[in-house]
Structure formats: C-alpha cells, structure tokens
Number of protein chains: 4
Amino acid sequence: MTDVREKGPAEAARVGVLGARGRMGMEVCKAVDGAPDLELVAAVDQGDDLTEVADAGAGVVVDFTTPDAVMDNLRWCVERGVHAVVGTTGFTEQRLDQVRGWLADRPGVGVVIAPNFGIGAVLMMQFAARAARHFESVEIVEQHHPRKLDAPSGTATHTARLIAAARAEAGLGPAPDATRDEVAGARGADIDGVRVHAVRATGLVAHQEVLFGTTGETLTIRHDSYDRASFMPGVLLAVREVVRRPGLTVGLDALLD
Amino acid sequence: MTDVREKGPAEAARVGVLGARGRMGMEVCKAVDGAPDLELVAAVDQGDDLTEVADAGAGVVVDFTTPDAVMDNLRWCVERGVHAVVGTTGFTEQRLDQVRGWLADRPGVGVVIAPNFGIGAVLMMQFAARAARHFESVEIVEQHHPRKLDAPSGTATHTARLIAAARAEAGLGPAPDATRDEVAGARGADIDGVRVHAVRATGLVAHQEVLFGTTGETLTIRHDSYDRASFMPGVLLAVREVVRRPGLTVGLDALLD
Amino acid sequence: MTDVREKGPAEAARVGVLGARGRMGMEVCKAVDGAPDLELVAAVDQGDDLTEVADAGAGVVVDFTTPDAVMDNLRWCVERGVHAVVGTTGFTEQRLDQVRGWLADRPGVGVVIAPNFGIGAVLMMQFAARAARHFESVEIVEQHHPRKLDAPSGTATHTARLIAAARAEAGLGPAPDATRDEVAGARGADIDGVRVHAVRATGLVAHQEVLFGTTGETLTIRHDSYDRASFMPGVLLAVREVVRRPGLTVGLDALLD
Amino acid sequence: MTDVREKGPAEAARVGVLGARGRMGMEVCKAVDGAPDLELVAAVDQGDDLTEVADAGAGVVVDFTTPDAVMDNLRWCVERGVHAVVGTTGFTEQRLDQVRGWLADRPGVGVVIAPNFGIGAVLMMQFAARAARHFESVEIVEQHHPRKLDAPSGTATHTARLIAAARAEAGLGPAPDATRDEVAGARGADIDGVRVHAVRATGLVAHQEVLFGTTGETLTIRHDSYDRASFMPGVLLAVREVVRRPGLTVGLDALLD
C-alpha cells in the first residue's frame, strides 16, 4: 500500500471508476478513456472486489455508486491514500463529518464530493449569487422535459435560495411588483421571496434562465444542458484537481476559482 | 362636402389626427409628419372643432380619443366620406354593428378599428395560432415592467385562447406534464389549458415568448416592444390601406396578409 | 397487386420502410412502431427484396435510402399503387418531372418528397417569409456544433433567400446600416442582401434565430433542434397525409396548412 | 474650504454635478434628485463658476463634461477635498498618473473614474472573464440599432479581449471549428481569436450575448440595455462608495465586489 503523496505525476493520473456499469459510471469511463492525460486502470461495480482498484495502482477513484455503498468505498480509499471524486448522492452533514474524520488521519489525501458536476450550472449559480445584490428585480424561469416530477427543479430552488440570501445580506427588500389582478399561478412560485417559473414541454432537456433587472437594463444568465455528458468536464476537472487539494472539498465551486 | 372616392391620390394622403394632444396622438402626429407619402393637415383634440379637419381637406382621420368621444367622431367621418383608423378602446359588438350600419349608407368609405397596432404582436399571435396544432406542448412566458397591474397580460391571455382553440380544432389533448410535486404557482396560470407565466422586473418593457415543443425540437416566437413608437408602423400601414378597403375592418390581421 | 385506392383505412396504415438500417431509417422504424395508428409491416435495406414490402401489404412506403436507389424504389411503389414518403436527397427538377410522369398514369397514388421533415424548421421558414415584408430590418443568426463544414447552414441560406424574395416583392430596399468602421466579418455574410451570422460551439446542436426589427419593436423566430428524432413528427405527418393527397407534393409546407 | 474628512455623513451626501446640461448630466441630476439618501446641491455647466459647487457644500462631485475640461475640474475637487465620480472619457495612463499624483497629497479624498457605469455590462464582462477558462468554445453576438458606426461595438471588443486573455492564461488553444466552406463573413470578426458577430436592426437598442460551450451544455450571459438611464444605478453606487474609498479607483468592477 503506497501513499499517493509518494507517487509521481504519471501514477496520479491512473483512474479507477466505482459504479462503472451505471449510467453515469459508463460516461465517466468513456470520458477518462478519452482524456489524453488520464488513464482508466480499473472499472468496477457491485459484486467486484475493490482490491482490483488497488492492484491496478489507481491514484484517483471516481465514485458514482449508491448511498448504501459510498461510505465504505470512501473509507477504503482514504485509508489507502487514494484520492476520491464522489458524485453519489445522499451526503448529510453527519456523513461529511465522518469523511473529515477519516481525512484527519491522512493529511495528504483529497476528497471532492459534489452534488452537481455541471460546470455551467455551478457557474450560473455563482454568477447569480454575485449579481443578486446589484439588481432591484430578479426572477427565475426553468424549462424541462415534461417527464419531470418536481416543479420548480432542485437547481432552480437552490439558485433562488442563494439569491435570496445575497439580497438579504445587501439589505434589499422585496422586488417591486404592482400586480393586483392575477390569474392564480401567473406570477410563479415564491421561493424565499424570489419568483420561480417552471416551463414543461416535449423537446426540452434541462434549461434555466435567471433574469436580473434594474433601471433601463437587464442581465440574463442562461444555462442549457443537452446531455448527461455535460457532467463529464466537471468530473475530469475534479479528477485533475483533487490530487492538489488535500482534505475535503464540497461542491465544484472551489475548483472553479 | 366631397366624397373621398372623388379625391385624387394626393388628397387621400392628407391625414387628420383626433386626440392629437394625448400620448398616442402625439406619436401619430410625429409619425405621419415623418412619412414622405403622408401629410398631416389637422391635429385636433378635446374642445377643438371637427370642421377644422374638414376644412383642411383630410382624406383619412386617425382617432386616438376616448370611448366617450369616438362614436360621434366616427359618425362624423363616415357621413363626410372620410376614411378612419381607430385605436381608441371600448368597442363592443354593439358598437361595431352601429359602425357597420353607418357604413352601409356610404359604400366607398373604409374604417379600420384595431385593439393593437403593434405589427410584431399581431404577427406573433397569427404565427402562434398557426403553429399550435403541430406541437404536442406549448407554454407562454410574458415579461413586463413591475408597474403592470394584471398578470398575465391581455396579449398573453388572448394568445393562449387562440392557441387553445387551434389545439381543440386539431383534436389535441392536454400537453404532457408529469408534475406531481409542485410549489404553488410554479407551473403558471392555466388559461384554457395553456400554461402562462408572467415575469415582472424593473428594466423590462413589454415582451412575450411562445414556446412550442415536440419530439427533439422547439419553436419559439418572441416579441419585444421597447417603445410606444412601436405602434406607429401599424398605424401608418392602416392609414395607407384603409383607402383601399371599403367597409369595416376589425383588427390589423387582415391588413397583414 | 392491389391498388391502394381499394384498400380500407386499416390497410392504408400499413407502413414499409426502405433504408431501414440507416440512421434515419432506424428512427423511422422506431417512430412508426410507436404510433398507435400505424403498423410497421416491412423494414428492408440494401440487398433485401422489395417484394417483401408487397407481400406484407404495405400501403405507404417511407424511403430514406440513397440518390442511386431512390428512383427505382419510387417507380416500383407508384406502379404498385403504394403511396411514398421520401426523405432521400438528390432530387433535381428533372427527377421530380420523371416522378410526375409516373404518377400521371396512376392518378390515385400520392408521393411526398421533402428535403426537410423538421416541422419546426419548416414553420420557421414559412413565418419568416410572411413576416419579411412588414419589417425594415432582418438578420439571421444560426448556431451549430463545431464539426459542421459549411457556414452558414443550408437552412439559413434558404431562409435568407425566402426573406430576400419577399422583401423584393414588397418593394423594400436594403435594411438601414450606418456601419462605417467594421472589423472584417463582424456584419456577417451577405446572402441576397440579408446578413447571416454563423456561430459554432461545442455543446450546441442545431439552432436558428431570425430577428425582424421595426420602429420600437423586434420579432424573433427561433428553432432549436436537439435530436435526429425531431424529424419524426414530420415523417409521421407525411405518412398520414400522403394517402389523401394524390400526385406529387414537394416539401412539408403544403401538409402544414 | 473644508476637508471632506471632517464632514458628517449628512454633508457627504451633498452632490454637485458638472456638465449638468449635457445628456448624461441631466440624467445624473434627475437620478440624484430621486435618491432619498442624496441631495443635489449644485448643477453647473460650461460657463458656470465652480465656486458655486464649493459654496453649496458639495461633498461629492459627478463629472460628465469633456476631455478638455475634466482635468481642471478634478484638480479643483481633489485640492478642496471633494470626492469625485467621473464618467468623462479620454483618460490615458498619463492622465491617471497625474490624478494619482494629486491624490497623494490628499490621502482622504476618493476619485472613481469609469469608462462604463452600466452595472449589467460590467458584470457581464466580469462573468465572461471568469467563465472563459472553463469552456472549450466561446463566441459573442452583439446587437445594436442600425445608426451605430462601428462593428463590433467597443464593449464586445473589450469583452473578447478579456476572454482571450483568460483563455491564454488557462492554456486553452483555439476553439474547435471544422468550417471549410464559408460565405465570407459568416463566421464573424476575429478579435484575438474570439469570434464576434454584430447584428444591426431597427428597434434594437444595445444588447450583447456571450455564449460559452462545452460537452453537452452551453452557458449564456446576456445584457440588454434599453435606456441611457441604465447607467444611473452605477453612478449612484459610485457616489455612495467613493466617500469610503480614498485614492483612485478605475472602473466600476472594484465597487461591485
């Protein structure tokens, strides 16, 4: 068992994928395979033995498994000095603390856990939070395929909350709105004071627009996601960055600065 | 009193404006003045005498006055063989029938009454009605300044009704929508089965987007109005066309074909 | 050999696909299979025998083959009274005349040949041609993936030509443009006097925006195509309509009215 | 002559406007007048005496004059301890150094000089520069009224340069582009390797879209300016911030963080 800190750069680029037969895992394998500076050395799934990953000399592991499996995988990685990039869901504050505990004993190891690897979506949220305190008005319009069960989307709700927090911090009151005569629902959902509209139509994939307005001008930040593959640049970014960031990093934000 | 049918083309282009000191009237005076083929020969308002218009030899009158004044103005025009273009509101089916009655006695005179002189808005509605039966899904997003009292806008409501009628005629059922978990209002207002979302923000003027979706593609028709002046091309079109269209024409649609 | 005019409606919905193993052909098979009112009865490709289609009792054939094969296929269909929907490219005026000749002898048979089965794209072009004469200004922005070889796209060029013809017919001169100081290329390509801009970026699929402007307002018609599947609603529409339209129909336009 | 550092907060909000009869100056007077926390105490223009500003006890001066007049005005302000917000153009590095020299002797005085007071435009450029290194592709589409003389706009050119610098720093090569068959101009102007397209149409005011693309997704940042009034929130922000920022601040960017 070699500590990753002792590895040369060539070895650090050896990547193992856990959950390799899932939809996201398959995309990750393809993306790692196609990246000239990375080598896919192990692709395992439920039922496979993790020692395969160790034997292959993986320096970084990407985990898109299940909430049931991910904690065991992570402890295994940290103990062996293997960096980890995690897209599996279900991380509570408690779980994050547990990971921090393991990492305290292995100061050279890095773990990146992100709920969203879409670079475009993460930047949209960052920019929205930054713009929020400079505009009197803001509304969100998200657009998705009609098979979606929730309205608004999780991303839209999260964006609205970031904006609401930034407005509160800047001392901004409610956006002006003289509406007196409303057909129910026309003005959208109220998420912490921010109006959010959810459009559903066949042909759409996943889109979001954040519209800011002040006297005489508007600023619009729009994200269009067409494909599951859109998460791959973010996963590859994390794989490249995790080796330089010991400890726990939550969210893609920190890697984008 | 000369019948307009006996006038030469030069005279037909002599234009009088009623309600000339109102906001729309002032724009009309400016627009007529700026058109090389039209001459502004009379600009009257409340308190002025209509004989001024007759004396000036106006062949076409544009009326942006009030529901109280417009019927008297119109009867005066029709009786004198002066064509009329009317943007004043408040026309019921009853009032339109009264105008038709006057025109029956003066077969050469034309009257155009339109609730909306925005060519862009009228074409948007025409196109939306035409596209409606070819797409599984459709939603409307309208965007206005925050001083607006009603939500959705009258134009959005009207567009939704045109779309709903076209869908019904084509035998289309409701658009697919799997939403199960909705924050109240997120899915917009339901206007005859068409979802309409109303965005309000400082900086916006008057905008509307109609989004159609079917397998793998969307078609969007968007109208942006920045200025009251946007109604002027429609008013000038009507002034030029009314002399060739005896009888009553309601709406700009007919003039756009 | 039965003439299709003698078939009942149930049989008319029996569909055979030629070129069934090509990319478009496979999509057509899937789409026909998924349509409740149509039945996929034959799927043949290069090397297969067309008698398979006859034996299966197909009333309509969809041809997505090659310019080399399509004329023989079409003659075979027309002679046997089988309606045909053709997406294969390479139709010259000469070829169309040949098809008209065959159809003259079989007055009940319908053939629909269309270069583009995207309903959204066809409507975009129709609406653009209609709007053209009402606006002083018009420009086209098309956006595609960066693997595309031509700029602007064929659809954009075709749209520009339709608009230019409509402007000429309406007596409109060139759109106003005071540009004096231009970095080469900034104002786009000049297609019959209409400016066309071609954007290329990873992540994009196939998009086009036609922007019309007049005093104080703009009208924008936008088409987004995400997927080859976007042609299927147009193909199915043609399959359903061809049985009611004897003779040759070129282009989807006629079927959309 | 009182140093502004000795003034209480109430006095610091006393604002004088230089160039008050110019188009921008008039807007500034209106905006200051309408702000509850600011008081317009002097509005002077060419021919007026600056002592009027001093007599009125202005703590902050806003200068929208001419390159000829602005340096004398600024020296006068700095010497008297009056903070200054400057929108006048023509500042070279040399001129900025001269201002820094004056300020060195008056450490409590603040001067903000900005070429663009549009908060939306400045944020658009900031966000574009930040996003640049995370996307394989980027292009700019700017849209303006047809009376504009230059193409592309100064803002678009500046944005392209910021993006090009960020891409170079991140080690990104040219964006992928397989175009082989181009109608001249279709692919836009090349500004430091970034493609920029300039649309001109009646009805438009001033708009810009920056489109970033990577695998499966795009991020679009769009700014719409409808009105000269759109610069006022930026001017007011500078007036409020300049009193807390001794020394020279160039550009609105620093005030937005």
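Table for the structure above
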item	result
Value of D in µm² per second that Stokes-Einstein yields for the stretch A:43-114, Kirkwood Rh from Cα pairs, at 4 °C (1.567 mPa s)	105
Nearest 10 degrees, 0 to 90: helix B:67-79 Cα axis against chain B principal axis	50
Debye log10 I(q)/I(0) for the stretch C:199-257, one point scatterer per Cα, at q = 0.21 Å⁻¹	-0.92
Beta bridges per DSSP with both ends in the protein assembly as shown, % antiparallel, nearest 5	45
Residue-normalised accessible area of the protein assembly as shown, expressed per residue, 1.4 Å probe, Å²	40
Top of D:Gly108, D:Gly87, D:Gly188 by mean-square fluctuation, Gaussian network on chain D, Cα under 10 Å	D:Gly188
Loss of accessible area when B meets C, both sides summed, Å² nearest 100, probe 1.4 Å	2700
Listed residues A:Leu236, A:Leu204, A:Leu40, most fluctuating in chain A (Gaussian network, C-alpha, under 10 Å)	A:Leu204
Cα pair distances of the stretch A:139-257 binned at 10 Å [whole percent]	11, 33, 33, 18, 4, 1
Overall Cα dimensions of the stretch A:1-130, principal axis frame, Å, largest first	44, 34, 31
Furthest towards positive pole of dipole, B:Ala121, B:Val44, B:Ala164, structure part chain B, Cβ charges	B:Ala164
Three semi-axes of the equivalent ellipsoid, the stretch D:109-149, Cα gyration tensor, whole Å, largest first	24, 21, 7
Long-range amide H partners of D:Val109 with built H, under 5 Å	D:Gly247
Label-point gap, in nm, between B:Asp97 and C:Arg147 - each point 7 angstrom along Cα→Cβ	6.5
Fluctuation leader among A:Ala121, A:Ala178, A:Ala58 - chain A, Gaussian network, Cα springs under 10 angstrom	A:Ala178
Computed helical MRE - 222 nm, the protein assembly as shown, DSSP H runs ≥ 4 contributing -39500 (n - 2.57), nearest 500	-10000 deg cm²/dmol
Net charge over other residues, Cβ less than 14 angstrom from the Cβ of B:Ala175 (K, R count +1; D, E count -1)	+2
Mean projected area in nm² (Cα convex hull; one quarter of hull surface) for the stretch A:87-215	11.0
Kirkwood hydrodynamic radius of the stretch C:24-73, Cα pairs, Å	11.7
Nearest 10 degrees, 0 to 90: helix D:93-104 Cα axis against chain D principal axis	40
Principal-axis tilt of helix C:119-131 within chain C, Cα atoms, nearest 10 degrees	40
Fraction of the pair-distance distribution of the stretch B:131-202 above 15 Å, Cα-Cα pairs, percent	56
Long-range HN-HN contacts of A:Val17 with modeled amide H, under 5 Å	A:Ala42, A:Ala43, A:Val44, A:Val62
Per-q log10 I(q)/I(0), the protein assembly as shown, q = 0.09, 0.10 Å⁻¹ (Debye; single scatterer per alpha-carbon; no solvent)	-1.18, -1.37
Cα Rg, Dmax, chain A, angstrom units	20.9, 70
Average projected area [Cα convex hull, the stretch C:170-223], square nanometres	5.7
Heavy atoms of A:Ile191: accessible area, 1.4 Å probe, square angstrom to 10	10
Accessible surface of the stretch B:1-143 [probe 1.4 Å, protein heavy atoms]: carbon and sulfur percent	48
Leading residue at positive end of dipole, the stretch D:72-141 (Cβ point charges), from D:Val85, D:Pro107, D:Leu96	D:Pro107
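The values are calculated or read from the model by the stated rules, or taken from the named source; none is laboratory data. All values derive from a computational prediction rather than experimental measurement. Cβ: placed from backbone, ideal geometry, glycine included. Neighbour counts: every protein chain shown. These area figures cover heavy atoms from the full protein model, side chains too; ligands, DNA and RNA do not enter into them. Shrake-Rupley method; radii C 1.70, N 1.55, O 1.52, S 1.80 Å.
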